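I have placed the structure first, in the form of structure tokens, so that the comments after it can refer back to it.
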Amino acid sequence: MIKDCKRISIIGQNGSGKTTLSRILGQKLSLPIVHVDSYIYSKNWVLNDRKTAEDQIKKVLANQDSWIIDGYINYAPKEMLELADMVIYLDYSKGRAFLRHIKRWWKHRKNKREELPEGCEERLKVKSLYQVLQGGVVKIIEDAITKYPAHNLVRIKSPKELRKFLRDNF
């Protein structure tokens, strides 16, 4: 049961709704949220040193008793999967993820999302859209799940399944 979980990882493709879900769960469960993006990027979309970002994420996950983490799994896959009481995988189709990515851009265009540093206004990048359509992130996620099996993996295939999951748990 999710109400008993103190450490929750939310994984999925770009634009799948990881941050939205982390905010919902953070509010319902009164757990702090860790946004991977806030460790990856500095002001104006400058990438932070990868090793430093990985070390910071790993340290937070290992040293805090409770958290909800959302974001790219390739920065700390072992910790995001093995330290979590529950891993929620928003495993939406490529088409749905593609459309949700565009929707996110439209909603936040010319604005900065709350979890990002200053100067990181939402933008639509062809590379990101291509990556979603090619399933590149899905392969990274699936490989990580195989390599570091989660104790409690919940695979959600659609927004309808997510609504049911939330209804059943709250």
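Quick one: pull the percent of accessible area on the chain belonging to carbon and sulfur, 1.4 Å probe, ligands and nucleic acids left out.
Carbon and sulfur together cover 51 percent of it.
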Putting +1 on Lys and Arg Cβ atoms and -1 on Asp and Glu Cβ atoms, find which of I68, T146, W105 reaches farthest to the positive end of the dipole of segment 53-170.
W105
Distance from a point 7 Å along Cα→Cβ of E142 to each backbone N in segment 73-102: keep the residues under 13 Å and list them by number.
91-94
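So if each residue of separation counts as 0.36 nm, and I subtract the Cα-Cα distance between R23 and L99, what length gain in nm does that give? Intermediate values should be presented prior to the final figure.
Numbers: separation 76, 0.36 × 76 = 27.36 nm, distance 2.09 nm.
That works out to 25.3 nm of additional length.
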Total formal charge among the other residues, if their Cβ is under 14 angstrom from that of K6, Lys/Arg +1 and Asp/Glu -1:
0
Residues whose modelled amide H sits under 5 Å from the amide H of I68, counting only those 5 or more places away in sequence or on another chain, are I8, I33, V34
When the label point is put 7 Å from the Cα of R155 along its Cα-to-beta-carbon vector, which residues of segment 1-26 have a backbone N closer than 18 Å?
9-14, 16
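With a cut-off of at most 13 other beta carbons within 10 Å, and DSSP calling the residue loop, which GluC sites (Glu not before Pro) in segment 98-128 qualify? Please list them. List each step's numbers first, then the result.
Values: sites: E114, E115, E118, E121, E122; in loops: E114, E115, E118.
Taking segment 98-128 and a limit of 13 other Cβ atoms within 10 Å, the loop GluC sites (Glu not before Pro) found are E114, E118.
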Surrounding charge for K103, neighbours by C-beta under 12 angstrom, Lys/Arg +1, Asp/Glu -1, total +4
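For the chain, give me the percentage of DSSP beta bridges that are antiparallel, rounded to the nearest 5 percent.
Numbers: 3 of 20 bridges.
DSSP beta bridges in the chain are roughly 15 percent antiparallel.
Can you tell me the FRET efficiency between F170 and Q64 if r is taken as the Cβ-Cβ distance and R0 is 22 Å, rounded to the nearest 0.05? List each step's numbers first, then the result.
Working: r = 23 Å, r/R0 = 1.05.
Efficiency for this residue pair is about 0.45.
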P(r) for segment 1-44, please, calculated from all Cα pair distances in 5 Å bins and given in %.
5, 19, 28, 23, 15, 6, 2, 1
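Hey, got the dipole for the chain? About the Cα centre, +1 on K and R Cβ, -1 on D and E Cβ, debye to the nearest 20? Let's see the in-between values first.
Numbers: 33 positive and 20 negative charges, 171 e Å.
About 820 debye.
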Identify the trypsin sites (Lys or Arg not before Pro) of segment 123-168 meeting these criteria: DSSP loop state and at most 12 other C-beta atoms within 10 Å of the C-beta.
R123, K125
Solvent-accessible area per residue for the chain at a 1.4 Å probe radius, Å²?
55 Å²
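So what's Rg/Rh here for segment 67-125, counting alpha carbon atoms and using the Kirkwood radius for Rh? Could you put the intermediate results ahead of the total?
Working: Rg = 14.0 Å, Rh = 13.6 Å.
My calculation of the ratio gives 1.03.
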Classify segment 98-143 from the C-alpha gyration tensor, please: rounded if a/c falls under 1.5, else prolate or oblate depending on whether a/b exceeds b/c.
prolate
Using each residue's phi in segment 85-99, evaluate 6.51 cos²θ - 1.76 cosθ + 1.60 at θ = phi - 60° and report the 3J(HN,Hα) Karplus result to the nearest Hz, with x for Gly and Pro.
6, 8, 10, 9, 9, 7, 9, 7, 4, 4, x, 5, 4, 4, 5
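Rounded to whole Å and ordered largest first, report the semi-axes of the equivalent ellipsoid of the chain derived from its Cα gyration tensor (root of 5λ).
Numbers: eigenvalues 101, 76, 53 Å².
For the chain, the semi-axes come out at 22, 19, 16 Å.
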Cα gyration tensor, segment 16-92 - rounded (a/c under 1.5), prolate or oblate
prolate
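The values are calculated or read from the model by the stated rules, or taken from the named source; none is laboratory data. Quick caveat: nothing in here was measured; it's all calculated off a predicted structure. Glycine also receives a Cβ, built like all others from the backbone with ideal geometry; neighbour counts cover every protein chain displayed. What goes into the accessible areas is simple: the full protein's heavy atoms, side chains included, and nothing from ligands, DNA or RNA. Shrake-Rupley method; radii C 1.70, N 1.55, O 1.52, S 1.80 Å.
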